[in-house]
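The values are calculated or read from the model by the stated rules, or taken from the named source; none is laboratory data. Bear in mind the structure is a predicted one, so any value in this text is a computation, not a measurement. Here Cβ is always computed from backbone atoms with ideal geometry, including for glycine, and neighbour counts include all displayed protein chains.
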Amino acid sequence: MKQRVPGSVGLICGVVVAALILLWVGADGYRQTLVTTTATYALVALGMYVPYLMAGSLSMAYGAYAGIGGYAVGLLSTRTGLPLVLAWIAGPVVAAAVAVLLGLATRRLSGFFLAAVTLLFGMAFTALLVDAEGLSGGSGGLGSLRKLNFFGWEPSHYQVVIGSVVVVCGIAFLLDRLRMSPWGVVVRTMRDAPRAVEAAGVRVPVMNLVALAIGAAIAAVGGGLFTYSAGSVTPDTFTLNLVFLAIFMPLIGGSATPWGAVLGAVIAVELTLNFPVIETSGTLILALGVLVILLLAPQGVIGYAARLARLVGGRRG
Amino acid sequence: MGQLQLWLSALEMGCFFGLLALAYYLVLVGAGFFNFAIGTYAMVGGLCTSYLVLYEDMNVWAAAAVAVLASAALAAVTELAVVRQVQRRSGRGELPALVAVAAVLFAIQQLGGYLFGYTTLPGQNLATFDPVSIGDTVAQPSTVLLLGFTVVAFAAAAAWIRYTRTGRLLRAVGDSTHAAGLLGLPVNRVRLIAFLLSGLLAGITGLLFAPKAGVSSLSGLSWALSGFLAMVVGGTGSVWAPLAGGVLLGLVEVFVPYYFGGQSHVYGLLLVALLFFAFKPSGLFVRRIRA
């Protein structure tokens with residue numbers, strides 16, 4: 001049997017679905033917005049994947065990290081003349097640094113305590129954005145942003161949509177590889193048996209910080225993407241709702257692989273934004289659905305699809 | 001506004017946080033579990049009352065009764081349908097329970113918005129009488145009711161835990177669910193009672209506090225955080241500890257914005273949380289165990 005690259009099955013499935021979605025979108029402006037929103041949700045959920053599902057600590061400051069990415073785009077665009085692409089370097093770096101600082105301040109916390117402090121941090125960050133009017137533009141935020149420009153080539157909106165889908169697929173694939181790498185195995189073991197990992201000579205706190213930094217950087221990429229396609233950013237752009245949805249997305253899709261988070265993001269956006277019949281109650285249905293999934297089907301959609309494939313194939317994959 | 005008025009306001013906030021913290025405390029003592037959904041029970045208590053009075057022309061006491069029963073029912077459903085199931089499956093792991101309670105919080109928040117609208121509604125006064133004034137300090141009827149209820153609730157909770165059979169069972173079950181089960185104590189019933197009581201308490205607290213700043217479906221999350229912080233700051237050493245934590249937070253909530261302006265109370269709360277979690281994670285009052 002020919003040896004295949006681990007994670008390639010997920011990548012192929014993801015790319016096929018992404019291509020179908022891109023064909024469905026076409027030149028429709030509303031659908032393009034839906035896709036960039038989905039990509040943002042997916043990136044925030046993917047950012048949470050490493051610390052939350054691999055390392056097992058639920059940090060809820062991701063609204064702040066996405067906000068940092070968004071404001072990096074906004075500030076670079078309105079306050080400087082630098083190429084806008086740099087925002088996607090500066091934003092994730094700053095977000096990762098903030099995540100490390102917050103991680104140091106909360107390094108002894110876990111579970112409910114960590115969730116509470118990180119939620120408060122997210123709220124304080126929003127308050128800071130409103131208060132620091134000189135820098136962040138106050139509650140009005142930053143608007144009329146520049147377009148991307150690569151040496152004279154300005155990508156159209158549709159090309160940005162394609163680019164964002166490619167970024168999501170790429171990051172999901174890389175995280176899938178990371179999950180199966182030796183580093184990923186150590187991080188996942190750390191979640192279940194931190195003392196054993198510590199005794200084996202691994203610095204658990206350092207690993208936690210690295211996981212948090214990676215996650216924050218990915219979420220900042222998503223925040224920058226959303227800000228760019230929306231053309232503006234305000235303190236209310238990345239709400240706590242987004243953070244809650246991002247916790248639930250991997251559960252909906254299936255928490256076994258990062259692709260589950262992406263699938264969950266697609267389902268979440270479809271339910272909350274693109275379902276005219278249940279427009280007002282889409283989020284409610286989503287929330288109740290999450291509870292049902294949590295109680296009855298903890299493996300999510302991908303988990304069941306994999307079981308089905310195994311049943312059909314008649315052997316373990 | 002005189003200084004004394006500020007202190008009264010801080011006391012009122014403190015009592016509110018303290019009552020929420022007491023609701024946390026009951027569930028924590030009985031079930032060893034931080035029920036973040038308590039903030040949303042309080043939201044339902046306040047929002048449902050306002051909605052029924054404003055849009056259904058219901059009598060305020062009847063509306064309050066419906067709302068408080070709804071909060072208690074939500075608490076019971078949380079325990080029976082979610083927490084118990086998730087804990088049974090995942091054992092001692094904390095993360096599944098945390099995610100479950102986040103899902104419950106989010107679901108109740110969305111349910112509140114769906115049923116009662118997404119706008120902020122003014123709180124309803126249970127009783128109208130002339131404001132009580134001492135010097136130039138004026139206590140509104142809602143304030144008087146909240147302070148009075150705080151005293152009654154804490155005294156009742158203290159007496160209940162200390163002197164009644166169920167109250168002592170509560171502590172036994174919370175201290176060691178496993179041992180309590182081996183002894184044949186009614187673990188499930190005691191846990192359900194803890195959840196029901198905390199739901200009732202949170203519902204009443206929410207509707208008594210609503211006149212101060214109104215209530216919307218989104219209030220639940222910040223109330224949940226404030227109550228949790230108040231309980232952690234106070235500690236679990238005594239029934240009155242949550243009140244101490246609540247009053248401390250109330251002082252922060254009122255005096256920090258008074259001196260630093262803007263939204264500085266959020267930074268203040270974050271600072272208090274970080275300081276306490278880093279240096280005194282067990283809170284101000286800790287139960288001493290005699291060896």
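Within the stretch A:103-122, residues that are in contact (Cβ under 8 Å) with a residue 12 or more places away in the chain have Cβ atoms under 8 Å from residues that are among the polar types (S, T, N, Q) and in a helix (DSSP H, G or I) in these pairs: A:G103/A:N208; A:T106/A:T118; A:R107/A:N208, counting only partners at least 6 apart in sequence or on another chain. Out of A:A115, A:A87, A:A97, A:A105, one residue alone is farther than 25 Å from B:L105 by Cα, within 11 Å of chain B (Cβ to nearest Cβ) and of a type outside the set (S, T, Y). It is A:A105. Against the numbered list (1) part of a helix (DSSP H, G or I); (2) away from chain A (no Cβ under 14 Å); (3) more than 28 Å from B:A172 (Cβ to Cβ), B:A23 comes up short only at (3).
Got at least one residue in the stretch A:165-173 being of a type outside the set (A, V, I, L, M), over 30 Å from B:L269 (Cα atoms) and touching a residue at least 24 places away in the same chain (Cβ under 8 Å)? The answer is yes; a qualifying residue exists.
Identify the residue in the stretch B:77-104 that is hydrophobic (A, V, I, L, M, F, W, C) and more than 9 Å from chain A (Cβ to nearest Cβ) and, among all such residues, is nearest to B:R189 (Cα to Cα). Per the stated criteria, the residue is B:L80.
One line per residue, one yes/no per condition, for (1) at pLDDT below 90; (2) in contact with a helix residue (DSSP H, G or I) (Cβ under 7 Å, 6 or more places away or on another chain):
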site	(1), (2)
B:N188	yes, no
B:L201	no, yes
B:V233	yes, yes
B:T236	yes, yes
B:L275	yes, no
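Taking the stretch B:131-202 and the helices (runs of 4 or more DSSP H) fully enclosed by it, the elements with 3 or more residues that are closer than 23 Å to B:F17 by Cα are at B:141-163, B:165-175.
When A:V266 is tested against the conditions (1) of a type outside the set (F, W, Y); (2) in a helix (DSSP H, G or I); (3) in contact with a Pro (Cβ under 9 Å, 6 or more places away or on another chain), the lone failure is (3).
Every listed requirement among (1) in a helix (DSSP H, G or I); (2) buried (at least 23 other Cβ atoms within 10 Å of the Cβ) is met by A:P205 save one, (2). Condition check for A:L109 on (1) out of contact with any Ser or Thr (no Cβ under 7 Å at 6 or more places or on another chain); (2) surrounded by 15 or more Cβ atoms within 10 Å (Cβ to Cβ); (3) outside any loop (DSSP other than H, G, I, E, B): one failure, at (3). Pairs meeting the criteria (first residue in the stretch B:125-151 and without any contact (Cβ under 8 Å) to a residue 60 or more places away in the chain, second residue in a loop (DSSP other than H, G, I, E, B) and of a type in the set (S, T, N, Q), beta carbons under 7 Å, at least 6 apart or on different chains) are B:P131/B:Q140; B:P141/B:N125; B:P141/B:T128. For the stretch B:105-116, the set of residues classified as at the interface with another protein chain (Cβ under 7 Å from one of its Cβ atoms) and either outside any helix (DSSP H, G or I) or aliphatic (A, V, I, L, M) (or both) consists of B:A107, B:L111, listed by residue number. All of (1) farther than 28 Å from A:F113 by Cβ; (2) within 16 Å of the chain's Cα centre (by Cα); (3) surrounded by fewer than 24 Cβ atoms within 10 Å (Cβ to Cβ) hold for A:T80 with one exception: (2).
Just a yes or no: is a residue in the stretch A:59-73 assigned to a loop (DSSP other than H, G, I, E, B) and surrounded by fewer than 23 Cβ atoms within 10 Å (Cβ to Cβ)? If you could, list the steps in order and put the result at the bottom.
Keep residues of the stretch A:59-73 that are assigned to a loop (DSSP other than H, G, I, E, B), which gives A:59-61.
Subsequent filtering for residues that are surrounded by fewer than 23 Cβ atoms within 10 Å (Cβ to Cβ) retains none.
No, the stretch A:59-73 contains no residue that is assigned to a loop (DSSP other than H, G, I, E, B) and surrounded by fewer than 23 Cβ atoms within 10 Å (Cβ to Cβ).
Restricting attention to the stretch A:118-150, the residues being part of a loop (DSSP other than H, G, I, E, B), more than 14 Å from chain B (Cβ to nearest Cβ) and at negative phi number 6. For the stretch A:144-159, the set of residues classified as among the polar types (S, T, N, Q) and surrounded by 12 or more Cβ atoms within 10 Å (Cβ to Cβ) consists of A:N149, A:Q159, listed by residue number. Do we have A:V35 as under 23 Å from A:S229 (Cβ atoms) and assigned to a helix (DSSP H, G or I) here? So A:V35 passes the test. When the stretch B:24-79 is filtered for residues that are in contact (Cβ under 8 Å) with a residue 12 or more places away in the chain and polar (S, T, N, Q), the ones remaining, listed by number, are B:N35, B:T40, B:T49, B:S50, B:S71, B:T78.
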